[in-house]
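In what follows, a single structure is set out as structure tokens and then discussed.
The values are calculated or read from the model by the stated rules, or taken from the named source; none is laboratory data. Keep in mind that this is a model prediction, so the values were computed, not measured. All Cβ positions, even for glycine, are placed from backbone atoms using ideal geometry, and neighbour counts span all protein chains on display.
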Amino acid sequence: MEKLFSLGDGDCSRGESGCWSFQAAGAVPDIGVPSDEAVVIQKGKKQGEPYVITVNCPDKAGLGCDICWIILDFGLYIVKGDFTTDGIWCYIVLWVFPYSTSPTVRWSNIKERLLAVCPAFSVSAYLNETPPKPVASQVYLLTFCSTDRKGLLHDVTRVLCELELMIQKVKVTTTPDDRVMDLFFITDNLELLHTKKRRDDACDKLLGVLGESCTSVDIRSACYKNDGVRSPISSLSQVASAELFRSELSEKEERSQALSADVKKLKHASVTIDNSLSPAHSLLQINCIDHKGFLYDIMRILKDFDIQIAYGRFSPVNKGHRDLDLFIRQRDGSKVVNHEKQDEVISRLKLQMLHPLRVTITNRGPDTELVVANPVELSGRGRPMVFYDTTLALKLLGICVFSAEIGRHSTDNGEWEVYKFLLEESCKYKLGSMVVRNQIVDKVRRSLMGW
């Protein structure tokens, strides 16, 4: 019997017949974490070593997706990972680094957020019952008036991310005398914005970024709660819709959205499902170029298909590519043997590996508009950090944003979160030039993908 790897609740081995088998273990592996807490975060012992996040708790449907969403929301990059569950209890180990462009990471806050998604030690968790829907969060209105400058929108967004304030909607208004009145509709991940101390702390940090030109900063209740339903995006042209929501990459997109050899790598994604190697599980194997949120994209799709991970290993990057082996099963415990469902799962995964985020530039009358879109989960939750990464790219390019809008758009393939940015013409960039437009799209796309 050849032992391939150990994943905590059992050893994954392949016998002489070539079949995979799993042997339960009496305890989780010892990786030097002397704690029985559900979430443990260890700093690397040496400079340059990753942090190790360990989650050891009752299992629930979509837990891996929820964990990966939080890690992406904090701007962390998953170097490698191990997963194991028996459907009742799960054990997850992730090795992570902060991205160099990420906001300041507060590790204690990460632990609190991860603990919040871990099921309680209860009978319902043991039976793997569907957890209750989260309570709607209060929405607050942040307003400020300041002199406009390059990168202002991103600098404010960075502060909000560091404070764990989630942007729900935004309205940017620029006057002819270069003054801006910005309105951010936000929710608080810490649920503390109703307190004066939390509001004052947020306003002080924003004033520190906005500088002396800021005449006012105010945060108050918007008198409604976030129910996860965002308003439809306004005036999305047919041309932009066709570019953003197509089911496969077009030759035009290959030329305009990836101006280097990256597109050649993108075309080599491999996704397979094999039912011959294990008597109880389907083996899902993925090989693709690495990108920001790679593991979250996979977990999101598996969650939407109601597929559970029994065992898995997320290997480190090898020449820019990722290898992922997951032993999966459907929620009723059966293998994924239906060929139509296999094809649907493989097709969705390939599309997300090739084209997880959509970026295009279009004309809006005489103006130029940048549009970014990403698919949302069936639960209605959108991808984190999209607004942050897009505004960062525009700041690095030195392009000002005249207005911005966040909304939703529905297609036959599901619901999408859409971000629209009306760009200001500058002496440096002539936005009517196709070369300049391609440069902007490429820079934004690379920021979103973490390249």
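Observations on the structure shown:
- Residues of segment 291-329 that are surrounded by fewer than 19 Cβ atoms within 10 Å (Cβ to Cβ) and among the charged types (D, E, K, R): D304, D306, R313, K319, D323, D325, R329.
- Residue match in segment 373-388 (condition: surrounded by fewer than 17 Cβ atoms within 10 Å (Cβ to Cβ), of a type in the set (S, T, Y) and in a loop (DSSP other than H, G, I, E, B)): yes
- Any hit, segment 343-359, residues being on the phi > 0 side of the Ramachandran plot and in contact (Cβ under 8 Å) with a residue 24 or more places away in the chain: no
- Within segment 138-251, helices (runs of 4 or more DSSP H) holding 2 or more residues that are modelled with pLDDT of 90 or more and under 30 Å from G414 (Cα atoms): 152-162
- Total residues in segment 324-360, condition among the β-branched types (V, I, T) and in a strand (DSSP E or B): 3
- Residue in segment 76-92 that is assigned to a helix (DSSP H, G or I), of a type outside the set (D, E) and without any contact (Cβ under 8 Å) to a residue 40 or more places away in the chain present: no
- Residue within segment 412-424 that is hydroxyl-bearing (S, T, Y), touching a Phe, Trp or Tyr at 6+ places or on another chain (Cβ under 7 Å) and either over 25 Å from V79 (Cα atoms) or crowded, with 17+ Cβ neighbours inside 10 Å (or both) present: yes
- Here is the figure for segment 195-204: residues that are in contact (Cβ under 8 Å) with a residue 12 or more places away in the chain and out of contact with any Lys or Arg (no Cβ under 9 Å at 6 or more places or on another chain) total 3.
- The set of residues in segment 255-287 that are of a type outside the set (D, E, K, R) and modelled with pLDDT under 85 comprises S256, Q257, A258, L259, S260, A261, V263, L266, H268, A269.
- Residue within segment 307-324 that is touching a Cys at 6+ places or on another chain (Cβ under 9 Å), assigned by TED's automatic domain parsing to the domain that holds W69 and on the phi > 0 side of the Ramachandran plot present: no
- Within segment 163-173, the presence of a residue that is more than 22 Å from M385 (Cβ to Cβ) and surrounded by 13 or more Cβ atoms within 10 Å (Cβ to Cβ) is excluded.
- Those residues of segment 56-70 which are buried (at least 23 other Cβ atoms within 10 Å of the Cβ) and β-branched (V, I, T), in sequence order: I67
- Segment 350-404, subset at pLDDT 85 or above and of a type in the set (D, E), residue farthest from C161 (Cα to Cα): E369
- Restricting segment 174-187 to residues that are among the β-branched types (V, I, T) and surrounded by fewer than 19 Cβ atoms within 10 Å (Cβ to Cβ), the residue that is farthest from A404 (Cα to Cα) is T175.
- Candidates L192, L152, L207, filtered to the one that is in contact (Cβ under 8 Å) with a residue 40 or more places away in the chain and either over 18 Å from T104 (Cα atoms) or among the hydrophobic types (A, V, I, L, M, F, W, C) (or both): L152
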